[in-house]
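K.L.:
Pasting in a structure now, in structure tokens, and then I'll have a few things to ask.
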């Protein structure tokens, strides 16, 4: 595990955790999960609520009293996000009861069963945001980034999340355009384009998906062979993510690209 903190001038109310998950075993894990758990007491635990923003993949908690304060976990990668809000003291909710323990079976349930908001305002809350359906072959490595954010209101929290996503994608773009060794078997070009995007792989491709900066699926197409041409001219201006999986079921490689197409924001 490696923690990376952005320059506070660019992300003044948060930091980013960069995790590297390595499969050192001889068998493949085709449905692995990784997540972050936080038990936040925001000002007063009995006046807290929690909710989920699916577009930003951001699970957040906030104080409903006179003092406004928000805390959040945001998944920056394009994988599948699963939010879970625990209601620790509410015995009448359908939440996992943490006071009776938190065994492996319950952890698996929380990592694969979305519970995106709280149902009560008078109980202690805890949050967990998971990236599931991860595929790790023997000696494979998956990198995941989560942003931990704080703000005084929801507008400022959204701005902080958008800034973290923008910085993450800019970093991914730098890795692709400058260091080709990051994914030597995959080539996506040009990195700045008007309408047509070309993709080449060392092995036969199975699926190609393009996501927005916030992780929303914008287009998806089946692929065959080791090269493909994508008509991406209708994408809006900004940074997008290209995800490619090959016929052997390899994990996705996410590439940040800066698009100068015909669409407008």
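K.L.:
Please report, in whole Å, how far the alpha carbons of the range 2-168 spread along each principal axis, starting with the longest.
P.N.:
Between the extreme Cα coordinates on each principal axis of the range 2-168 lie 53, 43, 23 Å.
K.L.:
Quote to one decimal, in nm, the extra length available between residue 224 and residue 152 on full extension: 0.36 nm per residue of separation minus the C-alpha distance between them.
P.N.:
21.0 nm
K.L.:
Now a separate question. Grab the beta carbon distance between residue 207 and residue 99, set R0 = 41 Å, and tell me the FRET efficiency rounded to 0.05.
P.N.:
FRET efficiency, residue 207 to residue 99: 0.40.
K.L.:
Suppose R0 equals 35 Å. What FRET efficiency, 1/(1 + (r/R0)^6) with r the Cβ-Cβ distance, do residue 66 and residue 37 give to the nearest 0.05?
P.N.:
After rounding, the FRET efficiency stands at 0.80.
K.L.:
For the peptides 160-168, 19-27, what is the packing order when you average, over each peptide's residues, the other Cβ atoms within 10 Å and list the highest mean first?
P.N.:
Taking the mean over residues of other Cβ atoms within 10 Å, the ranking is 160-168, 19-27.
K.L.:
Quick one: order 84, 70, 37 by neighbouring beta-carbon count within 10 Å, fewest to most.
P.N.:
37, 70, 84
We did not get these values from a lab; they are worked out from the coordinates using the rules stated. None of the values given here were measured: they were computed from a predicted structure. Here Cβ is always computed from backbone atoms with ideal geometry, including for glycine, and neighbour counts include all displayed protein chains.
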